[in-house]
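These notes are about the structure you will find just below.
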Amino acid sequence: MEKGAAKKIVMSGIRPTGFLHLGNYFGALANYVKMQNEYDCFFMVADLHALTTLPDTKELKTNVARVLAENIASGLDPDKAALYCQSHVPETSDLYLLLNMMAYKGELEKTVTFKEKVKLQPNNVNAGLLTYPVLMAADILLHRAELVPVGKDQEQHLEMTRTFGNRFNHRYGHVFPEAQAFNFGEELLKVPSLDGAGKMSKSENQFATIYLSDDDELIRKKVMKAKTESGGSEAGAPMAESVANLINLMKLVGTPSDAIASYEKAYFDGSIRYGDMKKQLAEDMVKFISPIREKAEAIRNDEKYLKEIMEKGAAKARKSAQATMLQVKDAMGLNY
Ligand code: ADP
């Protein structure tokens, strides 16, 4: 970076809707950890977003503590990045309200995640669910962030953030930069589910998702049950998706590249033994996850420590948010 140039601003969040999994880790957390050294980072636990799908708040406090602990156990340093809870920054709601006037009903209804959630919870199609992308835009634009480390599933939401920000800029004058989805790799990641269909997710296919909290035996059990094709491949055909998924997971958890190459070769010459391949993946996953799990367990119940971190993070986030809201209100002429 040039001397004296301002650091780029980074913002992202994870909903406290359960334990974090490998999709959250590789789609989001691993990037947070790398970015905290180079950028001005704001990372939050998105508790308000969680309310759109989980109206029952009994578990919320525990879940917020878990997400914070798992962020820190994955390497996030609260002295470097602002780590906070969304509802502790009330400016979020102020900007959300104003941005709702930039968002049209038709485009919100067309959002893929909205349509999916309508199917999942037909009896709770609340306005918060419809305006989920507006709240997400508020989180990002509140810090005038340029980079947003997220998984592939968030691409459309990021595009909507740019749309709402640009509409505001055109209507009232330039306040917001265009936020881009970010991954250190070449493209955004989608960590596949172990059943060969869809992505790992907190809300779906529990047995096909590997959590950072899974114990060694459970990891082994889940991996050994992963879907694979029976038999070899037809000459010239691409690798079956379920097997390619396992190879991908091996790459992510650090299986040595020569071992991966030999499984690929065995697949194509028909000599692959899926049991051996899964055993290797299971052991590599255990090695990868167990230190994170142990560290998170040690932090999770330390309420005092977690509260201190959240308060410090919220103070930093509110300072940045208040500066943006002054610009927003000025641009809109709401400065009387
Ligand atoms: P979930 O989908 O499990 O409820 P969130 O919606 O809270 O998770 O997403 C938190 C972050 O994790 C987002 O940046 C999202 O893109 C990322 N993420 C979630 N699942 C995956 C996955 N399977 N692969 C890659 N990234 C993912």
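The values are calculated or read from the model by the stated rules, or taken from the named source; none is laboratory data. Only a predicted model underlies this, so the values are computations on that prediction, with no experimental measurement involved. Quick reminder, even Gly has a Cβ in these numbers, built from the backbone with ideal geometry, and neighbours come from all protein chains shown.
Take the residues in the range 146-185 that are small (G, A, S), within 16 Å of the ligand (Cβ to nearest atom) and buried (at least 18 other Cβ atoms within 10 Å of the Cβ); name whichever of them is modelled with the lowest pLDDT.
Of the residues in the range 146-185, the ones small (G, A, S) are 151, 165, 173, 179, 181, 185.
Okay, now just the ones that are also within 16 Å of the ligand (Cβ to nearest atom), so 151, 179, 181, 185.
Now restrict to residues that are buried (at least 18 other Cβ atoms within 10 Å of the Cβ): 151, 179, 181.
Values: G151: 87, A179: 97, A181: 94.
Residue satisfying both the conditions and the ranking: G151.
Find the helices (runs of 4 or more DSSP H) located wholly in the range 190-274 whose residues include 2 or more that are in the same structural domain as V286 (by TED's automatic domain parsing), out of contact with any Lys or Arg (no Cβ under 8 Å at 6 or more places or on another chain) and among the aromatic types (F, W, Y), and list them.
Passing ranges, in order: 257-269.
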*If D195 satisfies every condition in (1) away from the ligand (no atom under 11 Å from the Cβ); (2) surrounded by fewer than 15 Cβ atoms within 10 Å (Cβ to Cβ); (3) modelled with pLDDT under 90 but one, which is the exception?*
(2)
*Return a yes/no flag: does the range 202-214 have any residue that is farther than 18 Å from R15 by Cα, without any contact (Cβ under 8 Å) to a residue 60 or more places away in the chain, exposed (fewer than 13 other Cβ atoms within 10 Å of the Cβ) and within 13 Å of the ligand (Cβ to nearest atom).*
no
*In the range 57-73, is there at least one residue being over 22 Å from Y211 (Cα atoms), out of contact with any Gly (no Cβ under 6 Å at 6 or more places or on another chain) and buried (at least 20 other Cβ atoms within 10 Å of the Cβ)?*
no
*What pairs come up if the first residue lies in the range 169-188 and is without any contact (Cβ under 8 Å) to a residue 60 or more places away in the chain, the second is among the basic types (K, R), and their beta carbons are under 7 Å apart, counting only those six or more places apart or on different chains?*
F176/R144; P177/R144; E178/R162
*asked:* Of all residues being within 12 Å of the ligand (Cβ to nearest atom) and among the β-branched types (V, I, T) in the range 1-46, which is farthest from S87 (Cα to Cα)? Just the residue, please.
replied: T17
